[in-house]
Amino acid sequence: MINYKNVSKTLKNEVPIMWFRSGNFNYLFTGYWGLRTTKNLYIEKGIFTTLINIFQVIPDKESGYELLYGKKQASIMADEKIERFIKLLEVPEKSIDLEYTNLIQIDWDKEISILKSPEKYIYIDRKFTNFIEMNSDVKIQGSSSVSPVLFSNSYDKEIAMLLPLRFSNESTYLKQEEEK
């Protein structure tokens, strides 16, 4: 489900970054997204080299590292912080299924993917939705237009959490479609 080549490209320009391992999962977080994967990142093309270049160290099982703003070296993450981030990837009780529309809006020289909930459209930076290989097995859930959107796959238990962009104005085209 996760395209590690696209994740690797984005990681090169992100801070803060966290990489930790818990149970059988590897976790990656930045200020805009988070991933949980069962894949062995040591053998995934591109991503492992990028992570080693950023962190200069590999986390042991049940530990992790973070690289924060203004820091040149990664520091060890506290266990409590790791637990808080793991909880971010839990699906909220009041979540609703979302639809990936394949629509793209270009705004501020940025490509934006558009998701549809029953009430509203949700906008996410396309460089982040490119992390997800969309297919029929991918389930998309969220609870509001400003809450994190979770992409999950029951097959390999991967989860991606992407934060939406906030827009005061919806696309004129989408407004016209809703009025029809």
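Readers should treat all values here as calculations from the given coordinates under stated rules, not as data from a laboratory. This one's a predicted model, so the numbers in the text were calculated from it and none came from an experiment. As a convention, Cβ positions derive from the backbone with ideal geometry for all residues, glycine included, and neighbour counts pool all protein chains shown.
Spin-label model, residue 157/residue 56: points 7 Å from Cα along the beta carbon direction are separated by 3.4 nm.
Once you treat every alpha carbon in the chain as an equal point and sum by Debye, what is log10 I(q)/I(0) at q = 0.08 Å⁻¹? Treating every Cα as an identical point scatterer, log10 I(q)/I(0) equals -0.26.
For residue 42 and residue 120, a Förster radius of 45 Å and the Cβ-Cβ distance give a FRET efficiency of 0.65, rounded to the nearest 0.05.
In a reduced charge model with +1 at each Lys and Arg Cβ and -1 at each Asp and Glu Cβ, the chain shows a dipole moment near 520 debye about its Cα centre.
GNM remark for the chain: springs join alpha carbons under 10 Å apart, and the peak mean-square fluctuation among 137, 107, 60 falls on 107. Over all other residues within a Cβ to Cβ distance under 13 Å of residue 143, the charged ones net out to -2, with Lys and Arg as +1 and Asp and Glu as -1.
Taking each residue as 0.36 nm, the span from residue 88 to residue 144 lengthens on full extension beyond its C-alpha to C-alpha distance by 18.6 nm.
What is the fewest-to-most order of 77, 134, 18 by other Cβ atoms lying within 10 Å of their Cβ?
Lowest count first: 134, 77, 18.
Looking at region 18-93, the trypsin sites (Lys or Arg not before Pro) that sit in a DSSP loop and have at most 13 other Cβ atoms within 10 Å of their own Cβ are 45, 61, 71, 72. Applying a threshold of 28 Å to the alpha-carbon distances of 72/116; 5/110; 71/120; 61/87; 5/120; 9/39 flags 72/116; 71/120; 5/120 as lying beyond it. The ranking of 55, 20 from fewest to most other beta carbons within 10 Å of each one's beta carbon is 55, 20. Residues considered: 63, 136, 113. Largest GNM mean-square fluctuation over the chain, using C-alpha springs under 10 Å, is found at 136. Averaging Cα coordinates gives a centre for region 70-135 and one for region 48-67; these two points are 22 Å apart. Of the chymotrypsin sites (Phe, Trp or Tyr not before Pro) in region 62-105, the ones in a loop by DSSP (not H, G, I, E or B) with at most 13 other beta carbons within 10 Å are 69. Rank 148, 164, 92 by mean-square fluctuation in a GNM of the chain with C-alpha springs under 10 angstrom and give only the top-ranked residue. Judging by the Gaussian network model, the answer is 92. Once the Cβ-Cβ distance of residue 104 and residue 5 is raised to the sixth power relative to R0 = 25 Å, the FRET efficiency obtained is 0.80.
Is the shape of region 4-88 best called rounded, prolate or oblate, per the rule: a/c under 1.5 gives rounded, else a/b larger than b/c gives prolate, else oblate, with a ≥ b ≥ c the square roots of the Cα gyration tensor eigenvalues? Rounded shape, in that the Cα axes give a/c under 1.5.
Helical content alone sets the calculated 222 nm signal of the chain at -5500 deg cm²/dmol, taking -39,500 (n - 2.57) per DSSP H segment of four or more residues and averaging over every residue.
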